[in-house]
Amino acid sequence: MGHTETYLGEAAQIIAKLDRQAIGRMVDLLVQTRTQGGRLFVLGVGGSAGNASHAVNDFRKIAGIETYAPTDNVSELTARVNDEGWETVFAAWLAGSRLNAQDLVMVLSVGGGNRELNISTNLVAAIEYAKKIGAKVCGIVGRDGGYTAKVADVCVIVPTISAQSVTPLAESFQAVIWHLLVSHPAVQVQPMKWESTTGRQA
């Protein structure tokens, strides 16, 4: 039971250390985006791309925010990678989606992007493009958050408890935090299925 106890213990420590104020500011940013008719674009690579797809569903269905992820269209994604390169794939996709100042870009990432280390440079380029356009940027990231944490309007950093569990816990807590966001009373506009059956036979 050694690893199980360690992993769950680290998860408990992360919950205790999460920045509640940053989460609150992200709630405000999501409400602002919806109120002004903006869209939400969720960016992630690797496991975070899978999280982005799930988050798109929740923000659209539960929060009533028009939301998209470039990684949901593998044909366009790979065409852009093949023809133009990996680094510009998200920025070019945002440009093709006519990103504007009313929109919000959400980055899900373990490291947040780092051009100097040549890690997730497509996230860096996308954030740079969003800031140039005047769109807001938020993020849920691990470690020190990299470029996302440096320049985002709001960033929730998943605290590092152990260098051996950075990736699994960062990606796990992306899901914890976005589910917190979509179920927040200020953000949620549609009931969730199981909660709406309370008191009834399932």
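Laboratory data are not the source of any read-out in this text; all were calculated from the coordinates shown. Treat the numbers as computed from the prediction; the structure is a model and nothing was measured. Quick reminder, even Gly has a Cβ in these numbers, built from the backbone with ideal geometry, and neighbours come from all protein chains shown.
Numerical summary
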read-out	value
Beta bridges per DSSP with both ends in segment 2-190, % antiparallel, nearest 5	5 percent
Ranked packing of 122-133, 54-65, most packed first, by mean Cβ within 10 Å	122-133, 54-65
Set of lysines with alpha-carbon distance to Lys132 below 24 Å, sequence-local pairs under 8 removed	Lys150
Computed FRET value (nearest 0.05) for Ser162 with Ser183, which takes r as the C-beta separation and R₀ as 41 Å	0.90
Residue order, fewest to most surrounding Cβ atoms within 10 angstrom, among Met26, Met106, Met192	Met192, Met26, Met106
Residue order, fewest to most surrounding Cβ atoms within 10 angstrom, among Ser109, Ser165, Ser97	Ser97, Ser165, Ser109
Thr67, Thr148, Thr88 arranged by Cβ crowding within 10 Å, fewest neighbours leading	Thr88, Thr67, Thr148
Segment 2-190, relative contact order in percent, only Cα pairs under 8 angstrom and at least six apart counted	26 percent
Efficiency of FRET from Cβ geometry, Ala12 and Ile133, R₀ 35 Å, rounded to 0.05	0.30
Ellipsoid semi-axes in whole angstrom, largest first, where each is sqrt(5λ) of the Cα gyration tensor of the chain	26, 23, 16
